[in-house]
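This report concerns only the one structure given below.
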């Protein structure tokens with residue numbers, strides 16, 4: 001079944017550096033969404049990119065989508081200690097259903 | 001800012017007992033969802049609810065699970081006879097349109113521990 005799948009990463013970076021994480025999926029999608037989860041907390045929606053979009057920005061976030069490669073990347077620029085969290089991509093299938101299919105998540109640690 | 005609220009934040013229950021997890025979605029949203037996350041694993045879809053009925057459910061959502069919108073604000077998930085493997089974080093979410101159209105807003109979750 002179609003689902004988001006992040007490259008399994010645990011990033012540890014210095015404050016001010018950029019963090020990049022990737023996500024791949026298997027089937028046609030309507031859109032792809034990125035979420036953040038702080039330890040033991042809920043999921044916070046970051047950005048949604050539709051299948052006909054290639055790039056989207058929101059503040060310090062930049063998301064790209066390559067439907068030919070079935071992959072997406074999330075870039076966090078000028079990272080801050082508060083960006084320390086797990087980041088998940090989730091896809092919505094092109095046909096029919098409304099469920100979000102989540103990947104395994106990337107743990108990002110930003111060192112002050 | 002509107003948010004999805006869930007209660008309780010943590011529930012411990014004996015195996016075989018019934019539990020009800022409660023959620024108050026964002027007031028103008030029309031679509032409601034339950035997801036769960038077993039410790040260390042992916043977030044998994046359970047069920048979506050629209051227009052007072054289930055619109056979609058996953059293979060996880062078997063006869064032991066049910067959802068209800070008993071009034072204009074609450075959205076509940078009931079597990080009739082809990083099993084050890086039901087231990088997980090359960091997230092409620094809501095969206096203005098279906099997930100295909102807009103982003104889903106998640107609650108803080110209920111950590112269910114079955115002993």
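Only the coordinates and a few stated rules stand behind these numbers; no lab work does. The structure displayed is predicted, hence computed values, not measured ones. A quick note on method: Cβ atoms are made from the backbone with ideal geometry, for glycine too, and the neighbour counts reach across all protein chains shown.
Counts of other chain beta carbons within 10 angstrom of each beta carbon in peptide B:42-52 average 4. Using the alpha-carbon positions of the protein assembly as shown, Rg (one decimal) and Dmax (whole number) come out as 17.4, 50 Å.
For segment B:17-92, list log₁₀ I(q)/I(0) at each q in 0.28 Å⁻¹, using the Debye formula over Cα point scatterers of equal strength and ignoring solvent, two decimals each. For segment B:17-92 at q = 0.28 Å⁻¹, log10 I(q)/I(0) is -1.54. Take each residue of peptide B:104-112, count the partner chain Cβ atoms within 10 Å of its Cβ, and average: the result is 4.
Listed from fewest to most Cβ neighbours within 10 Å, the set B:1, A:17 follows the order B:1, A:17. On the principal axes of its alpha-carbon atoms, segment A:50-112 has extents of 44, 22, 19 Å, going from largest to smallest.
Residue order for B:89, B:15, fewest other beta carbons within 10 angstrom first, comes to B:15, B:89. Fewest-first ordering of A:43, A:75, B:112, B:39 by other beta carbons within 10 Å of each residue's beta carbon gives B:39, A:75, B:112, A:43. Considering all different alpha carbon pairs of chain A, the Kirkwood hydrodynamic radius works out to 13.9 Å.
Counts of other chain beta carbons within 10 angstrom of each beta carbon in peptide A:36-42 average 4. Take the Cα of residue B:97, step 7 Å toward its Cβ, do the same at residue B:11, and the gap between the two points is 3.3 nm.
Extension gain for residue B:18-residue B:115 works out to 33.7 nm (0.36 nm per residue, less the C-alpha to C-alpha distance). Here segment B:8-32 is scanned for amide nitrogen atoms under 16 Å from the site 7 Å beyond the Cα of residue B:84 along Cα-to-Cβ, giving B:13-17. Between segment A:62-112 and segment B:1-69, what is the separation of their alpha carbon centroids in Å? Cα centroid to Cα centroid, the span is 23 Å.
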